[in-house]
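Asker: Take a look at the following structure, please.
The values are calculated or read from the model by the stated rules, or taken from the named source; none is laboratory data. Remember, predicted model here, so these are calculated numbers, not experimental data. For neighbour counting, all protein chains shown are included, and Cβ atoms are generated from backbone atoms with ideal geometry for every residue, glycine included.
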Amino acid sequence: MSRIYEPLADLKPADMPERKHGFWKMAGPGAVLVGLSIGAGEIIIWPRTVCQYGGGVVWAAALGVFIQLWINLEIGRWSIATGETIYTGYSRVWRGFAPLFILMTILGWLAPGWGRASGLALKALLLDPHWHMQRVPHPQEAGQWVWKATDFFGTDTFWTMITFSAVALLLFGPKVVYQSVEKSVELLVAVITVGLLSVAFAVGTADTWKELGAGLLNVGHREGMAVKPLFIAIVFAGAGGTANLFYSFYLRDKHIGMGERVPSLLNPLRGRTEKMPATGFRYEDTGENHRRFRAWWDYLVKDQLLFFWFLNTLTILLFIFGALAVLRPRGIVPEAGTLIWDEAVVLGSEEVWGGPGRVVFLLVGVATLFSTQLALVDGVARSLSDIIYTNFRGARSRDVSWWYLLATATWIIAGCALTYVMEARGISELGFLLNASYMGGFAMAVYVPLTLYINRRYLPPSARPGWLCVLMNLIASAVYVGFAAACIGFEAGWW
């Protein structure tokens, strides 16, 4: 094993930096995580779920976000207390977690469901979903028809390549990668929130609000949902999967807590980069260091409550509200990959809203899916580059920014290639989105209890989680481990 892994240095002694700025000057990491969270789960999976099962299952969406709030606090605790990424903390327990999390990241996010859905939404907004396409007989089902591109410009692959190109420009245009991601995602989240509120005011009725409220209170009601789709839906409420772990990088690059001692990830295409330390720090448990940690912790709690919990809950409920108001009364359960267009068409009809409705919802769809695509490519590349750079022998001969560039380029090329294969085989993006969430749920069953463990074992006593955080993360662990075990039984045919 020593031939594979680079030795991992102990946490170095260092004082906790003083917090010098107010909350709003440091705001950003939570907003980026929201931009990642407001993705396919909110605009596709959950609206489609309530179209199938009704508003009685809305409680599971709110529960999913609330549980992830406590998970994110513990992920953030590690990074502000040590300046390390959460993956390095896991490697301190067992070096085998490095390849395991590489595998889970690849299995969970490789299929380009968000990129493809984002491209289709952009095509529908700018032109028409069937631009350069024609209806042809279904190759396997007699009497059925399907849409097929007449040339390359009408294919999903072409539009996916456009969105991936936009991602590459945003990631490798500015000198500091995080600044571009933060500003872009904050703008997109603002567009999404304003657009959703406009839809709610335009089409909402008292009965729809009543159904939404009743669903929030109807805890435990499943409306006939099996274990697997319920598991997927809960994971998809919020960031989900290994995406919650990306929060660790955002805090470091914003120089929160011990992250102030770590340089930001620089764009290797814009000149010289700075050597990144592979390991972090541990403060001596003095009264002054404890006071400084509490000041950073206060920021972290506000960041998660305001951006992740409140804003994420608000937007997912507004997406669900739109589906309850527009699609479910008409008995529309969208086919795979058509929900955004179906809802936009109904909103655009004269009896509902008219022309503005179609444009507003398509704009929301593009902003939602692209914000997720941008943050996901960035987060996946950060995860892979950090794990490789920190753990594997010889990797530190290159800067972590070089590994980030390699991971990003590989991910984008693979995403475009997989979209081509998926399209050629008639596979929708929805199936891959569901599988991503399914795999992500198993990843959470591993890392939620693991995060609590490293925070209790390695952090100074004054930085360790208190009884409430311990309790909530034990509950979260029980939820994800329990669902994962149930899904294994489901797949094995035990019930």
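Asker: Suppose we filter segment 345-356 for residues that are part of a helix (DSSP H, G or I) and either touching a Cys at 6+ places or on another chain (Cβ under 9 Å) or surrounded by fewer than 24 Cβ atoms within 10 Å (Cβ to Cβ) (or both); how many remain?
Answerer: Of the residues in that region, 5 qualify.
Asker: Additional query: Identify all residues within segment 294-315 that are of a type in the set (D, E, K, R) and buried (at least 22 other Cβ atoms within 10 Å of the Cβ); write none if there are none.
Answerer: Once the filter is applied, which keeps residues that are of a type in the set (D, E, K, R) and buried (at least 22 other Cβ atoms within 10 Å of the Cβ), segment 294-315 yields only 303.
Asker: Same structure, new question: I need the full set of residues from segment 19-30 which are farther than 11 Å from residue 255 by Cβ and surrounded by 24 or more Cβ atoms within 10 Å (Cβ to Cβ), in order please.
Answerer: Scanning segment 19-30 gives a single hit, 30.
Asker: Here's a follow-up. In the set 237, 226, which member is more than 16 Å from residue 64 (Cβ to Cβ) and either of a type in the set (Gly, Ala, Ser) or out of contact with any helix residue (DSSP H, G or I) (no Cβ under 9 Å at 6 or more places or on another chain) (or both)?
Answerer: 226
Asker: What's the number of the condition residue 264 fails, among (1) touching a strand residue (DSSP E or B) at 6+ places or on another chain (Cβ under 6 Å); (2) farther than 26 Å from residue 74 by Cβ; (3) of a type outside the set (Phe, Trp, Tyr)?
Answerer: The single condition residue 264 does not satisfy is (2).
For (1) within 18 Å of the chain's Cα centre (by Cα); (2) surrounded by 24 or more Cβ atoms within 10 Å (Cβ to Cβ); (3) modelled with pLDDT of 95 or more, each residue gets a yes or a no:
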| site | (1), (2), (3) |
| --- | --- |
| 289 | no, no, yes |
| 292 | no, no, yes |
| 321 | no, no, no |
| 334 | no, no, no |
| 358 | no, no, no |
| 373 | yes, yes, no |
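Asker: If you check every pair at least six apart or on different chains, which have Cβ atoms under 7 Å apart with a residue in segment 247-264 that is under 12 Å from residue 82 (Cβ atoms) first and a residue that is basic (Lys, Arg) and not in a loop (DSSP other than H, G, I, E, B) second?
Answerer: Sorted first by the residue in segment 247-264, then by its partner, the pairs are 259/252; 262/252.
Asker: Still on this model: Can you name the condition, by its number, that residue 328 falls short on among (1) basic (Lys, Arg); (2) farther than 25 Å from residue 48 by Cβ; (3) surrounded by fewer than 22 Cβ atoms within 10 Å (Cβ to Cβ)?
Answerer: Just one mismatch for residue 328, condition (2).
Asker: Does residue 238 qualify as being in a helix (DSSP H, G or I) and within 30 Å of residue 353 (Cα to Cα)?
Answerer: no
Asker: Please tell me if residue 61 is touching a residue at least 12 places away in the same chain (Cβ under 8 Å), part of a loop (DSSP other than H, G, I, E, B) and small (Gly, Ala, Ser).
Answerer: Judged against the criteria, residue 61 is not a match.
Asker: Let me ask something additional. Check every one of the helices (runs of 4 or more DSSP H) wholly within segment 83-180 and list those with 1 or more residues that are touching a Phe, Trp or Tyr at 6+ places or on another chain (Cβ under 6 Å) and modelled with pLDDT under 85.
Answerer: Those helices (runs of 4 or more DSSP H) span 113-126.
Yes/no matrix, rows are residues, columns are (1) within 16 Å of the chain's Cα centre (by Cα); (2) within 29 Å of residue 248 (Cβ to Cβ):
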{"residue": "78", "(1), (2)": "no, yes"}
{"residue": "108", "(1), (2)": "yes, yes"}
{"residue": "122", "(1), (2)": "no, no"}
{"residue": "130", "(1), (2)": "no, no"}
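Asker: Oh, and also: Go over the candidates 98, 61 one by one and state the one that is surrounded by fewer than 24 Cβ atoms within 10 Å (Cβ to Cβ) and farther than 18 Å from residue 301 by Cα.
Answerer: Only one candidate passes the filter, namely 98.
Asker: OK, next. Testing residue 202 on (1) of a type in the set (Gly, Ala, Ser); (2) in contact (Cβ under 8 Å) with a residue 40 or more places away in the chain; (3) under 25 Å from residue 243 (Cα atoms), one condition comes back false. Which one is that?
Answerer: (3)
Asker: Residue 53 is checked against (1) closer than 24 Å to residue 208 by Cβ; (2) surrounded by fewer than 23 Cβ atoms within 10 Å (Cβ to Cβ); (3) under 23 Å from the mean Cα position of the chain (by Cα) and fails just one. What number does that condition carry?
Answerer: Tallying (1) closer than 24 Å to residue 208 by Cβ; (2) surrounded by fewer than 23 Cβ atoms within 10 Å (Cβ to Cβ); (3) under 23 Å from the mean Cα position of the chain (by Cα), residue 53 fails exactly one: (3).
Asker: Oh, and also: Here's a check for you: in segment 249-261, which residue that is assigned to a helix (DSSP H, G or I) and farther than 17 Å from residue 401 by Cβ is nearest to the chain's Cα centre (by Cα)?
Answerer: 251
Asker: Now for a separate question. Kindly indicate whether any position in segment 396-404 is part of a helix (DSSP H, G or I) and closer than 28 Å to residue 422 by Cα.
Answerer: Taking every residue of segment 396-404 in turn, at least one turns out to be part of a helix (DSSP H, G or I) and closer than 28 Å to residue 422 by Cα.
Asker: May I pose another question? Give the residue that is farthest from residue 173 (Cα to Cα), with candidates limited to residues of segment 183-235 that are among the hydroxyl-bearing types (Ser, Thr, Tyr) and either modelled with pLDDT under 80 or assigned to a helix (DSSP H, G or I) (or both).
Answerer: Among those that are among the hydroxyl-bearing types (Ser, Thr, Tyr) and either modelled with pLDDT under 80 or assigned to a helix (DSSP H, G or I) (or both), it is 208.
Asker: Suppose we filter segment 205-225 for residues that are within 27 Å of the chain's Cα centre (by Cα) and free of Cβ contacts under 8 Å to residues at least 24 places away in the same chain; how many remain?
Answerer: Adding up the residues that qualify gives 1.
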